[in-house]
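Asks: Handing you this structure, nothing more for now.
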Amino acid sequence: MVNQGFWEKYKKLIKDVVLDYQYLVMLDEADIKIEAEREDASLPSERSQAITNLKIAAGLMEGEHYGWWFQDTDVYKWIETAAYTLENFDDEALKTRVDSVIDIIEQAQDQDGYLSTYYQLRAPHLKYKELDRSHELYNAGHLIEAAVAYAKATGNETLLEVSKRYVDHIMAHFGVGKIEGADGHQEIELALIKLYNYTNDVKYLDLSRYFIDVRGKDPLFYNKQKEALGQDPFTNLDYLQAYDQPIHQKEAKGHAVRVLYMMEAMADLALHQNDQAMEDAVMTLWDDIVKRKMYVTGGVGQTVHGESFADGYELPNDTMYCETCAAIGMVNTAQRLFKLKPDNRFIDVLERALYNGMLSGMSQDGKHFYYVNPLEYIKDRYTPDKGHVKGQRPEWLGCACCPPNISRTIASIDSYFYTRIENEFYIHMYADAHYEDEDIKVTQLSSFPKSVDNTFEITIKKGSFNLRFRKPQWAKYIKVRLNGTVVDNVIWLAEGTYTITTEMDYEPLTLYTNGNVVHNSNKVAFQYGPFVYCGESIDQKEAIYKYRVNPTTIFKQWHNDALGRRYNLEVGARYVVTQDSLYSNEPEALEASSALNLIPYYLWANRAHTDMMVWLPIDKES
Ligand code: FUB
Ligand code: ZN
């Protein structure tokens, strides 16, 4: 059941445009330009070939493998997107298309269960022998996620059987007395828990735990694998989070997406195995991120070098990485941490990453995608440190992990709105969404983003529930009404059908950064509801970086045009009159100006190639 709203529009875009577009791209039948994700001539970006690789491995075509070790996962994430879409919409043509791709995957699998086209086609002799980079178990993880989602959505377990056979192959090769190491890129760990939840077979949970615990147990594991191949043994253990076992790690270090995928599994393991030490470890990593390393957009990964975390409070706005997949990792980790410990502080971050760092990853037309999401972009101001920062979303990327990651997240958006823990039912966010299981049905309608006021139709089919309505960090209060009467934001409801409305008081907010962050000193950012704002030069008389803002004069203005339904913010500002000389002993001269026009950050770079800034310098005289 679906309704008309902000997310409904996105879900339809995925169904009507994105899924078809991505399918054609992966067949190399779309007339597009694929860009390398950063400046490096060695990065593959001529074509995708993701589906073709599988066809070649299946023996359906002649040819050579093209692309990354993990090219197959673009296809798996596409299937996962389709699965969630099929839960919301009937679409026989889509189902037929997905079934045909599953048929190819099934045929591509080796007799013994192995399935990673890079190694099948290019280097069979290296299977499981170069785990720091091979992504073979990462591939298995995305295969599992797609398979579970498709089985749930359609009842078709063909892909699930394929994924189980691959896991059997992995079990035969990994474990005590076998290969005692983990894939360099975490992913199988979290996926195995999904497989456990779906099948109830504890061997999958145990294997997930094995991979978490074996990481970093022997810090020389990867070196030894390389030595055995006669290669330079050096391995960057921070990059792989393999300098120690995850349960002993105290800092988010290295490749950001890997850290977050690892934390997702750690949170789930702590929950399922009731493991306090694992819970403490994942909470420590989370606090390190949100207290010292997260951007105001919920983006993470401060540096292109290793697509990694850097030191705390080091938050450059223009050279950062903030990969879309990392923002998605923040969303998914926050969701799991909430299940472990229901505290709205996790949802405050989930919402921040979802509506800002994640949503900026896709254009409004559904055919352009950001890998890297900067908080500041000044056109024509190039340095080699910014070779990964793009002023416009590419049509596709040589490393295409982000496009199908964002589509699967949007297609499953309803799952982020609610958490059910036995008979406690948590309502996290206020837009259009829906939930139904055998005991409870919730339909949530609103005119979001015009208003965050919501109407809920709730049916308790069996038993009774405590409904808990979150007060977002950005709201002054939330007023909940049951059949018109104001009630507490925690309500106990017995069997029956209810209409509940929520109303919030919230204003545009001015945000300041902790004084330890040098990049944002004397700067402010703006937020309204869950949206962080940015200024683009295209909307101002002068370039955005010339403005000095008055943080106390903010007005909101409703717009409904080609850029979408949204509030813009208008902020009092003056602009610098630039001089000829580069330096001067006079203070800058400021000219009065009409208000600065700000748009929600996620919408930037949808109209033109132009400068953009989230953090804006303060007018000292304001
Ligand atoms: O390695 C697989 C994916 O590609 C990572 O998660 C991204 O950061 C990109 O490197
Ligand atoms: Zn990515």
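Asks: Within the set of pairs 6 or more residues apart or between chains, which connect a residue that is under 18 Å from Y416 (Cα atoms) inside segment 66-93 to a residue that is outside any helix (DSSP H, G or I) and of a type outside the set (D, E, K, R) with Cβ atoms less than 6 Å apart?
Replies: Y84/S412; N88/V2
Asks: Next up: Considering only segment 436-466, state which residues are within 27 Å of the chain's Cα centre (by Cα) and aliphatic (A, V, I, L, M).
Replies: Within segment 436-466, V442, L445, V452 meet the criteria.
Asks: So P316 ticks every box in (1) touching a residue at least 40 places away in the same chain (Cβ under 8 Å); (2) under 23 Å from N405 (Cα atoms); (3) more than 16 Å from ligand 2 (Cβ to nearest atom); (4) part of a loop (DSSP other than H, G, I, E, B) but one. Which box is left unticked?
Replies: Answer for P316: the failing condition is (2).
Asks: State whether one or more residues within segment 78-100 are outside any helix (DSSP H, G or I) and closer than 30 Å to H173 by Cα. Full working, then the answer.
Replies: The initial filter retains those residues of segment 78-100 that are outside any helix (DSSP H, G or I), namely 89-91.
Next cut, closer than 30 Å to H173 by Cα only: none.
No, because not a single residue in segment 78-100 is outside any helix (DSSP H, G or I) and closer than 30 Å to H173 by Cα.
Asks: Kindly indicate whether any position in segment 224-236 is crowded, with 18+ Cβ neighbours inside 10 Å and on the phi > 0 side of the Ramachandran plot.
Replies: Checking segment 224-236: not a single residue is crowded, with 18+ Cβ neighbours inside 10 Å and on the phi > 0 side of the Ramachandran plot.
Asks: Would you confirm, using the coordinates I've provided, whether I406 is hydrophobic (A, V, I, L, M, F, W, C), touching a helix residue (DSSP H, G or I) at 6+ places or on another chain (Cβ under 7 Å) and farther than 30 Å from T501 by Cα?
Replies: On the way: hydrophobic (A, V, I, L, M, F, W, C): yes; touching a helix residue (DSSP H, G or I) at 6+ places or on another chain (Cβ under 7 Å): yes; farther than 30 Å from T501 by Cα: yes.
Here the answer is yes, as I406 does meet what is asked.
Asks: Show me the strands (runs of 3 or more DSSP E) found entirely inside segment 462-523 where at least 3 residues are touching a residue at least 40 places away in the same chain (Cβ under 8 Å) and not charged (D, E, K, R). Please lay out each step first, then the result.
Replies: Details: elements: 465-469, 477-482, 485-487, 490-493, 496-505, 509-511.
Correct list: 465-469, 496-505.
Residues are listed down the side, and each one gets a yes or a no for (1) touching a Ser or Thr at 6+ places or on another chain (Cβ under 9 Å); (2) surrounded by 21 or more Cβ atoms within 10 Å (Cβ to Cβ); (3) closer than 24 Å to I212 by Cβ:
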{"position": "Q276", "(1), (2), (3)": "no, no, yes"}
{"position": "E279", "(1), (2), (3)": "no, no, yes"}
{"position": "G298", "(1), (2), (3)": "no, yes, no"}
{"position": "G301", "(1), (2), (3)": "yes, yes, yes"}
{"position": "L315", "(1), (2), (3)": "yes, yes, no"}
{"position": "D343", "(1), (2), (3)": "no, no, yes"}
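Asks: Let me ask something else. Identify the residue in segment 165-182 that is over 17 Å from L220 (Cα atoms) and of a type in the set (D, E, K, R) and, among all such residues, is surrounded by the fewest Cβ atoms within 10 Å (Cβ to Cβ). Full working, then the answer.
Replies: So the first thing to find is which residues in segment 165-182 are over 17 Å from L220 (Cα atoms), and the list is 165-173.
Applying the additional criterion that residues be of a type in the set (D, E, K, R) yields 165, 168.
Numbers: R165: 18, D168: 13.
Checked segment 165-182; the qualifying residue surrounded by the fewest Cβ atoms within 10 Å (Cβ to Cβ) is D168.
Asks: Condition first: within 16 Å of ligand 1 (Cβ to nearest atom) and either in contact with a Ser or Thr (Cβ under 6 Å, 6 or more places away or on another chain) or in contact (Cβ under 8 Å) with a residue 60 or more places away in the chain (or both). Now tell me which residues in segment 321-340 satisfy that. Let's see the steps before the verdict.
Replies: Here is the first cut: in segment 321-340, the ones within 16 Å of ligand 1 (Cβ to nearest atom) are 321-333.
Result: Y321, E323, T324, C325, A326, I328, G329, M330, V331, N332, T333.
Asks: A further question follows. Out of segment 193-209, which residues are over 22 Å from G155 (Cβ atoms) and in contact (Cβ under 8 Å) with a residue 40 or more places away in the chain?
Replies: Step one: of segment 193-209, the residues over 22 Å from G155 (Cβ atoms) are 202-203, 205-209.
Correct list: L205, L207, S208, R209.
Asks: Turning to a different aspect of this structure: Given (1) away from ligand 1 (no atom under 15 Å from the Cβ); (2) not in a loop (DSSP other than H, G, I, E, B), where does T297 come up short, assuming only one miss?
Replies: The failed condition is (2).
Asks: Search segment 372-428 for residues being away from ligand 1 (no atom under 16 Å from the Cβ) and among the aromatic types (F, W, Y), and hand back the single one that is surrounded by the most Cβ atoms within 10 Å (Cβ to Cβ).
Replies: Checking each candidate, the answer is Y377.
Just so you know, all these numbers are worked out from the coordinates, no wet-lab data involved. Since this is a predicted model, take the numbers as computed values, not measurements. Here the Cβ is made from the backbone with ideal geometry for all residues, glycine too, and neighbour counts use every protein chain on show.
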